[in-house]
Every structure is written in structure tokens, then in C-alpha cells.
Amino acid sequence: QVQLVESGGGLVQPGGSLRLSCAASGSISTITIMSWHRQAPGKQREVVASLTSGGTTMYPDSVKGRFTISRDKAKNTVYLQLNGLNPEDTAVYYCYVRTLIGGYWGQGTQVTVSS
């Protein structure tokens, strides 16, 4: 079992920045991939950043150059830095961790971009 606790969401103006955090606990030694996803109202959940245990990152074109995923292994925490936010980035953001025995989701944190 892996437990994930997210934080860092909130209301930000267009062009602003936020940093989301996802602290993992439990059976974290077998983590293979950590990723962030988002789901806007009426839309499907989509991946916005992923990071493998080997350090490979991947971003969709919609966020490339604006979002950055990183990991602090000592703190068992994965971060998502969001820069250049626009209203289309408004969504609930979820942390996801895949291990050798399964996948786990965080509870989600709301990001709202509005003036």
C-alpha cells in the first residue's frame, strides 16, 4: 500500500505560478513511475507530467515548457511546478504513483486560474 497526500493547489491569476506537492508513504521502495494528472469539469482525466524512477520525464504539448515535475527522494515527495498558468489549466490535479504491485492515486487538489 502507498498513501499519497497532495497540497499546494489554490486560486491564481492568469500568468501566475503554483507548486503542487505529493508526499508518499508506505511501500514506496518499489515505485517505478510518479505522475501528475488533471481533470477539468466535463472532461476526461489527462496526464500532464510523468517521471520514471530512472529520471525520464514526459509532458504533453499542452504543458511542455510551462510545467515541471521533480522528485525529492529524501522526502519521498514529488512536485509539479506550474508556470504561465491560463484558465484552461483550471482542474483538479491528481498525483499518481505506480509500483511493482499496483497504482495509487492522491485525493486531488484544486487549481483555479482566474482573474
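At-a-glance table
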| item | result |
| --- | --- |
| Filtered residues of segment 92-113 (kept if on the phi > 0 side of the Ramachandran plot, part of a strand (DSSP E or B) and either surrounded by 14 or more Cβ atoms within 10 Å (Cβ to Cβ) or under 10 Å from the mean Cα position of the chain (by Cα) (or both)) | none |
| Cross-chain or 6+ apart pairs with Cβ under 8 Å, segment 10-23 first and in contact (Cβ under 8 Å) with a residue 40 or more places away in the chain, then open to solvent by 40 Å² or more (accessible area, probe 1.4 Å) and not polar (S, T, N, Q) | Pro14/Pro87; Cys22/Val5; Ala23/Val5; Ala23/Lys75 |
| Looking only at segment 29-40, and only at residues there that are hydrophobic (A, V, I, L, M, F, W, C) and surrounded by fewer than 18 Cβ atoms within 10 Å (Cβ to Cβ), the one that is nearest to Gly106 (Cα to Cα) | Ile33 |
| Per-region count, segment 92-115, residues under 21 Å from Gly42 (Cβ atoms) and in contact with a helix residue (DSSP H, G or I) (Cβ under 6 Å, 6 or more places away or on another chain) | 1 |
| Residue that is surrounded by the fewest Cβ atoms within 10 Å (Cβ to Cβ), among those in segment 75-91 that are closer than 14 Å to Glu46 by Cβ and not charged (D, E, K, R) | Thr90 |
| Count - residues of segment 13-38 that are part of a strand (DSSP E or B) and not charged (D, E, K, R) | 15 |
| Sole residue being modelled with pLDDT of 95 or more and among the polar types (S, T, N, Q), chosen from Ser25, Ser29, Ser50 | Ser50 |
| Selection from segment 75-91 of residues that are in a loop (DSSP other than H, G, I, E, B), more than 19 Å from Gln39 (Cβ to Cβ) and out of contact with any Phe, Trp or Tyr (no Cβ under 8 Å at 6 or more places or on another chain) | Asn76, Gly84 |
| Segment 58-96, residues that are of a type outside the set (Ser, Thr, Tyr), under 17 Å from Gln1 (Cβ atoms) and modelled with pLDDT of 95 or more | Cys95 |
| Those residues of segment 41-74 which are under 14 Å from Asp89 (Cα atoms), open to solvent by 20 Å² or more (accessible area, probe 1.4 Å) and aliphatic (A, V, I, L, M), in sequence order | Val47 |
| Leading residue by the ranking (nearest to Ser114 (Cα to Cα)) among those in segment 39-74 that are polar (S, T, N, Q) and not in a strand (DSSP E or B) | Ser62 |
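The values are calculated or read from the model by the stated rules, or taken from the named source; none is laboratory data. The shown structure was predicted, so the numbers you read here are calculated from the model rather than taken from an experiment. Note that each Cβ is placed from the backbone with ideal geometry, even for glycine, and that neighbours are counted across all protein chains shown. We work out accessible area using only protein heavy atoms, side chains counted, and drop any ligands, DNA or RNA first. Shrake-Rupley method; radii C 1.70, N 1.55, O 1.52, S 1.80 Å.
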